[in-house]
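Asker: Below is one structure. I have some questions about it.
The values are calculated or read from the model by the stated rules, or taken from the named source; none is laboratory data. Here the structure is a predicted model, which means the values were calculated and not measured. Backbone-built Cβ (ideal geometry, glycine too); neighbour counts: all protein chains shown. Note: areas computed on protein heavy atoms with side chains; ligands, DNA, RNA excluded. Shrake-Rupley method; radii C 1.70, N 1.55, O 1.52, S 1.80 Å.
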Amino acid sequence: MKKIVLIAAFAMFSIYGFSQNALYGVRAGYNISNLNFEPEVPAGVENMHRNGFAIGFFAEYSLGTNLSLAPEILFSAEGAKEEFLRIDYIQMPIFFKYKIGESLSIGLGPQVSLKGHDYEDGMQNLAFSGLGGLEYMISDEFFLDFRYSYGLTNVFDDETNLEAKNGNMQIGFGVKF
């Protein structure tokens, strides 16, 4: 599965790499994340939100006058506050952005996340999320954005008999070149 995700990312960047209507940039964000346990938080677990950060690169390809495609590669610190509930991801969100006005865009899309640390720790190595957000252009290059990602897959391995999905709010700042 990891190979498929990497091949898809490579193909996407390669196909659009020579596009004349492309912007590239960097962004950083402040995360507020938590795990949503089902049906309830297990006894003895303090499930407090985790404050973290995200940083990465993006490309934005115009698909029309108001529509664009924006794949990204990000590092994001998520999960919950307790040490064993912290999850650091390498993420690949794919945003479909629609420009509402001169400086405001709304975006939706899927996100694939690959865990960036121990592989035998009771957590899934691959996670899928739905992503939505707003972007406000401060100037022609600088922007602020707000995103929310909702986990679609259980973050725990099947052997743990626990079920939780990651929820993450992110406030970001970026530069488009």
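Asker: Do we find that Leu63 is among the hydrophobic types (A, V, I, L, M, F, W, C) and under 20 Å from the mean Cα position of the chain (by Cα) in this structure?
Answerer: The answer is no for Leu63.
Asker: Output the residue which, of all residues in the stretch 46-62 that are among the hydrophobic types (A, V, I, L, M, F, W, C) and surrounded by 16 or more Cβ atoms within 10 Å (Cβ to Cβ), is nearest to Met92 (Cα to Cα).
Answerer: Phe58
Asker: Now, a different point. For the stretch 25-44, how many residues meet the condition of being touching a strand residue (DSSP E or B) at 6+ places or on another chain (Cβ under 8 Å) and either under 17 Å from Phe84 (Cα atoms) or surrounded by 13 or more Cβ atoms within 10 Å (Cβ to Cβ) (or both)?
Answerer: Looking only at that region, the number is 13.
Asker: Looking at (1) within 18 Å of Phe177 (Cα to Cα); (2) in contact with an Asp or Glu (Cβ under 8 Å, 6 or more places away or on another chain), which is the one condition that is false for Val26?
Answerer: For Val26, the exception is condition (2).
Asker: Could you list, in sequence order, the residues of the stretch 127-177 that are acidic (Asp, Glu) and either touching a Phe, Trp or Tyr at 6+ places or on another chain (Cβ under 9 Å) or surrounded by 14 or more Cβ atoms within 10 Å (Cβ to Cβ) (or both)?
Answerer: Answer for the stretch 127-177, where residues must be acidic (Asp, Glu) and either touching a Phe, Trp or Tyr at 6+ places or on another chain (Cβ under 9 Å) or surrounded by 14 or more Cβ atoms within 10 Å (Cβ to Cβ) (or both): Glu135, Glu141, Asp145, Asp157, Glu163.
Asker: Something else: Can you tell me which of Phe58, Phe37 is touching a residue at least 40 places away in the same chain (Cβ under 8 Å) and within 16 Å of Leu131 (Cβ to Cβ)?
Answerer: Phe58
Asker: Out of all the residues in the stretch 142-151, is one or more within 15 Å of the chain's Cα centre (by Cα), farther than 26 Å from Pro39 by Cα and of a type in the set (Phe, Trp, Tyr)? Walk me through how you get there before you give the answer.
Answerer: Looking only at the stretch 142-151, we keep the residues that are within 15 Å of the chain's Cα centre (by Cα), and these are 145-151.
Then keep just the ones that are farther than 26 Å from Pro39 by Cα; that gives 145-146.
Still in the list and also of a type in the set (Phe, Trp, Tyr): 146.
Taking every residue of the stretch 142-151 in turn, at least one turns out to be within 15 Å of the chain's Cα centre (by Cα), farther than 26 Å from Pro39 by Cα and of a type in the set (Phe, Trp, Tyr).
Asker: From (1) in contact with a helix residue (DSSP H, G or I) (Cβ under 8 Å, 6 or more places away or on another chain); (2) modelled with pLDDT of 95 or more, pick out the condition that doesn't hold for Thr153.
Answerer: (1) is the only condition that Thr153 fails.
Asker: Among the residues of the stretch 63-81, write down those that are open to solvent by less than 60 Å² (accessible area, probe 1.4 Å) and either of a type in the set (Gly, Ala, Ser) or under 17 Å from Glu135 (Cβ atoms) (or both).
Answerer: Gly64, Ser68, Leu69, Ala70, Pro71, Glu72, Leu74, Ser76, Ala77, Gly79, Ala80
Asker: Restricting attention to the stretch 114-125, does a residue exist that is buried (at least 20 other Cβ atoms within 10 Å of the Cβ), touching a residue at least 24 places away in the same chain (Cβ under 8 Å) and within 22 Å of Tyr30 (Cβ to Cβ)?
Answerer: no
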